[in-house]
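Below: the structure, in structure tokens.
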Amino acid sequence: MDTDAHTATSANADAEPTAMGRRSLLGGAAALGLGNTAFGTTAHAAGAPPRSHTRAGRFQGKSVLITGATSGIGRAVAKAFALEGAHVGFCGRRAELGRQVEREIRDAGGEATYIEADVRVDAQVRSFVDRVASRYGGIDVAFNNAGIGSSKLPHEMSAEEWDDVQATNARGVFLAIKYEIPHMLKAQHGVIICTSSSAAEQARPNSTAYTASKRAVQGMVKSAALAYGPKGIRLNALLPGTTDTPFVRPPGIPDADWAKYKQAWGPLNVDGLERMAEAEEIARAVLGLASDDFPYMTGASITVDGGSTAGRKMIRPSGT
Ligand SMILES: NC(=O)c1ccc[n+]([C@@H]2O[C@H](COP(=O)([O-])OP(=O)(O)OC[C@H]3O[C@@H](n4cnc5c(N)ncnc54)[C@H](OP(=O)(O)O)[C@@H]3O)[C@@H](O)[C@H]2O)c1
């Protein structure tokens, strides 16, 4: 679980997708605030030449690989890329959910392929990456996003639990980079975005394993950005703040109760925007970083957290 949410929720990577996650792709376009622009139908003033740069088709025909898109942020990112014309190859372990996401994207006219793969397993990551590259003709963009939470104190955590967090969140990102890079070297271009967390910057007492793994992602990205920048490949780390996904939403909680909880949680936990992020908002940041809009950005850690790491809530004891 992301540490920002640790105060009152429990991680549950196996939960069903949220009501928000179940929105149709076209509904998702509205949630993304893309409106008709996403489909290239932005109205222009009469007589004015069409704008040369719209969001329509920013990723038309591009090959996009995503780890961990069976739910949450990865799922929202897969849909957002597909809406903008990308061919999306994604993985996750839960095949039923993977096939559902693939179906939703295709039903809305997009192109996506789900491939079952566990990012902890070297051979599965290699096969997943190679299959996406062969199906879609290389890899233009990779979003290395798969991750799990952890909220135990070090003395209560087994070595196996520690290893699992690092194997998923850090080694899994390493393996993805390892197998994506040869495809990008061949093409002499590519963009890689890796999901870290605001928890990499702002630890909590019970976030030792999680914070360590997300710091590792930042370190990997910085070093690899130096290595592959001269070859035309950019890498950046994305640090989301607490985001409404099954990662933080307790399983089985009714929508109305969850909405009430979120409303109370925001002002207490997020300086600045005083609310949780929606997965679609994190997706917008991912697509922006993957686009041609930031050609000079590499090796960076981009925080998208509503302001929570910019400040620290000062809650006074009652009566003062
Ligand atoms: N939500 C937040 O508050 C928040 C904040 C900051 C950072 N993050 C990070 O954002 C990323 C996505 O999290 P989320 O919020 O979208 O949570 P989520 O809904 O639980 O999604 C996690 C995704 O990672 C996949 N995954 C986990 N372990 C995997 C493995 N061994 N192999 C392949 N896929 C695996 C899951 O798929 P399967 O279970 O099907 O394998 C799922 O698709 C994570 O890296 C998380 O640390 C989340």
For the range 206-259, what are the residues that are over 26 Å from G288 (Cβ atoms) and within 12 Å of the ligand (Cβ to nearest atom)?
S207, A209, P251
Given the criterion in contact with a Phe, Trp or Tyr (Cβ under 8 Å, 6 or more places away or on another chain) and more than 10 Å from the ligand (Cβ to nearest atom), identify the matching residue among S151, S127, S197.
S151
Using the structure shown, decide if A82 is more than 10 Å from the ligand (Cβ to nearest atom), among the aliphatic types (A, V, I, L, M) and surrounded by fewer than 21 Cβ atoms within 10 Å (Cβ to Cβ).
no
Farther than 21 Å from S197 by Cβ, part of a strand (DSSP E or B) and either of a type in the set (D, E, K, R) or touching a residue at least 40 places away in the same chain (Cβ under 8 Å) (or both) - does that describe any residue in the range 115-130?
yes
Which of the residues that make up the range 121-156 are buried (at least 18 other Cβ atoms within 10 Å of the Cβ) and either of a type in the set (K, R) or more than 25 Å from G190 (Cα to Cα) (or both)?
I148, G149, S150, S151
Does R275 fit the bill of being touching a Pro at 6+ places or on another chain (Cβ under 9 Å) and among the basic types (K, R)?
yes
Within the range 64-79, tally of residues that are of a type in the set (A, V, I, L, M), over 11 Å from the mean Cα position of the chain (by Cα) and within 13 Å of the ligand (Cβ to nearest atom):
1
Residue under evaluation I105, criteria (1) in a strand (DSSP E or B); (2) more than 14 Å from the ligand (Cβ to nearest atom); (3) of a type in the set (V, I, T), criterion not met:
(1)
Among the residues of the range 286-304, is any surrounded by 18 or more Cβ atoms within 10 Å (Cβ to Cβ), part of a loop (DSSP other than H, G, I, E, B) and on the phi > 0 side of the Ramachandran plot?
no
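Bear in mind that the values in this text are calculations on the coordinates, not laboratory data. Not measured: the values here are computed from a predicted model. Virtual Cβ from ideal backbone geometry, glycine too; neighbours counted across all protein chains shown.
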